[in-house]
Amino acid sequence: MVEEGDGAPAADVRDPRLISQEFARALLSRDHAAAARLLSRGACILTADGTEAVGRAEAAGVLAQITASDTELEVLLGRTVACGAHALATQFWCRRSSSSAGGFEDSSKAQLVLAREEDGWAIVIVSPWG
């Protein structure tokens, strides 16, 4: 589990497009800890049932489920639009599971809201099932 303040992102925090790309790369590498480091300390992930996972540590738990080893994930990058201190990034996610408990396939348009903070851009909201 990722703790508050763990590590610094590898992406260039001056460009929100690169943060979005690095987030997708971390998810595809099944590295939920690296993905969580791109989040703001108070970030929120909205789950499929509408639950809010708030804070980097809670968000890392959701990201761990998304990147679970029995789940295949594809991420296509959409557009990132910045306006002042905020940005909206669109990604298209397709998850497939071949779990013995009955597999599933889930495709969705994920929305990432980013904000420019003191040390650069960070993801503040992730809505993967939006």
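Quick check: anything in region 67-78 under 19 Å from Ala26 (Cα atoms), of a type in the set (Ser, Thr, Tyr) and modelled with pLDDT under 85?
yes
Being in contact (Cβ under 8 Å) with a residue 40 or more places away in the chain and not hydrophobic (A, V, I, L, M, F, W, C): is that true of Ser40 here?
Against the criterion (in contact (Cβ under 8 Å) with a residue 40 or more places away in the chain and not hydrophobic (A, V, I, L, M, F, W, C)), Ser40 qualifies.
Quick one: in region 56-76, which of the residues that are surrounded by fewer than 18 Cβ atoms within 10 Å (Cβ to Cβ), in a loop (DSSP other than H, G, I, E, B) and not aliphatic (A, V, I, L, M) is nearest to the chain's Cα centre (by Cα)?
So the residue we want is Ser69.
Give the residue that is surrounded by the most Cβ atoms within 10 Å (Cβ to Cβ), with candidates limited to residues of region 40-55 that are part of a strand (DSSP E or B) and small (Gly, Ala, Ser).
Once the filter is applied, the top-ranked residue is Ala43.
Going by what's in this entry, would Arg79 be described as of a type in the set (Lys, Arg), in a strand (DSSP E or B), out of contact with any His (no Cβ under 9 Å at 6 or more places or on another chain) and under 21 Å from Arg14 (Cβ atoms)?
For Arg79, the condition - of a type in the set (Lys, Arg), in a strand (DSSP E or B), out of contact with any His (no Cβ under 9 Å at 6 or more places or on another chain) and under 21 Å from Arg14 (Cβ atoms) - is met.
Which one of these is hydrophobic (A, V, I, L, M, F, W, C) and surrounded by 19 or more Cβ atoms within 10 Å (Cβ to Cβ): Ala85, Ala110?
Step by step, each of Ala85, Ala110 is checked, and only Ala110 is hydrophobic (A, V, I, L, M, F, W, C) and surrounded by 19 or more Cβ atoms within 10 Å (Cβ to Cβ).
Name the residues in region 94-126 that are aromatic (Phe, Trp, Tyr) and at pLDDT 90 or above, would you?
The answer is Trp121, and nothing else.
The values are calculated or read from the model by the stated rules, or taken from the named source; none is laboratory data. Because the structure is a prediction, the values reported are computed rather than measured. Positions of Cβ are backbone-derived with ideal geometry, glycine not excepted, and every protein chain shown enters the neighbour counts.
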